[in-house]
Amino acid sequence: MGQGSTRRRSEAESGSTDPEAPVRARSDAELLQGTRHDAELFGEFFDRHYSVVLQFFWMRTADAEVAADLTAETFAAALEGLERFDERKGTASSWLFGIADKQLRQWLRRGRVDRRSRNRLHLDPIPFDERGYERVEALRDIGRLVEPLAAALAALPDNIRQAIELRVLDQQEYAAVARRLGCSEGAARVRVSRGLKQLFEAVVPYADR
């Protein structure tokens with residue numbers, strides 16, 4: 001065995017790594033599982049998903065403050081219920097949006113945002129700071145598209161509209177979309193692609209105004 005092979009084996013056994021090698025980003029599941037031992041990892045999970053959860057709520061409430069409040073309670077409920085996350089049952093993103101959907105339904109039913117998780121964890125409100133306003137303002141820029149987009153979505157064939165709702169609005173993985181629709185994953189992707197193309201063509205005239 002040559003000296004080069006011996007050196008490589010020695011480095012492998014010692015755990016030595018190339019300092020310039022890129023560090024692999026933790027997956028969502030790893031962040032949630034690691035939060036049990038390092039609370040700061042949940043902050044990374046929060047930063048990764050905050051914008052899309054805020055968008056989820058704003059598109060359904062059209063109220064920036066309510067959207068921000070629902071977003072805060074969703075993440076608090078996720079932090080409180082970490083032990084219920086099971087990677088074998090679905091992705092961390094799907095689990096998070098399941099919590100978000102529950103918060104939205106409670107808000108629609110009660111007319112107010114639930115604060116129980118934040119209160120139990122003694123969490124301060126997430127400040128709706130300049131960054132939050134910038135994100136919502138960006139969403140407001142597309143607010144004029146909501147009505148024509150909703151009309152275009154309603155006009156789609158049922159199988160395509162359902163695929164769009166599951167994949168885009170409910171943030172379901174394609175495998176889950178396929179199961180719900182009783183089709184192959186490939187067929188689900190085709191339906192979503194066709195639907196998005198039709199929606200894009202329907203709202204382009206309004207986007208240019």
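Quick grid of which residues meet (1) crowded, with 17+ Cβ neighbours inside 10 Å; (2) over 23 Å from Lys102 (Cβ atoms); (3) at pLDDT 90 or above; (4) in contact with a Pro (Cβ under 6 Å, 6 or more places away or on another chain):
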| residue | (1), (2), (3), (4) |
| --- | --- |
| Pro148 | no, yes, no, no |
| Ala152 | yes, yes, no, no |
| Leu166 | yes, no, no, no |
| Asp170 | yes, no, no, no |
| Ala175 | no, no, no, no |
| Ser193 | no, yes, no, no |
Subset of the stretch 35-67 that is in a helix (DSSP H, G or I) and among the acidic types (Asp, Glu) - its residue that is surrounded by the most Cβ atoms within 10 Å (Cβ to Cβ): Glu44
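The values are calculated or read from the model by the stated rules, or taken from the named source; none is laboratory data. Model, not experiment: these values are computed from the prediction. As a convention, Cβ positions derive from the backbone with ideal geometry for all residues, glycine included, and neighbour counts pool all protein chains shown.
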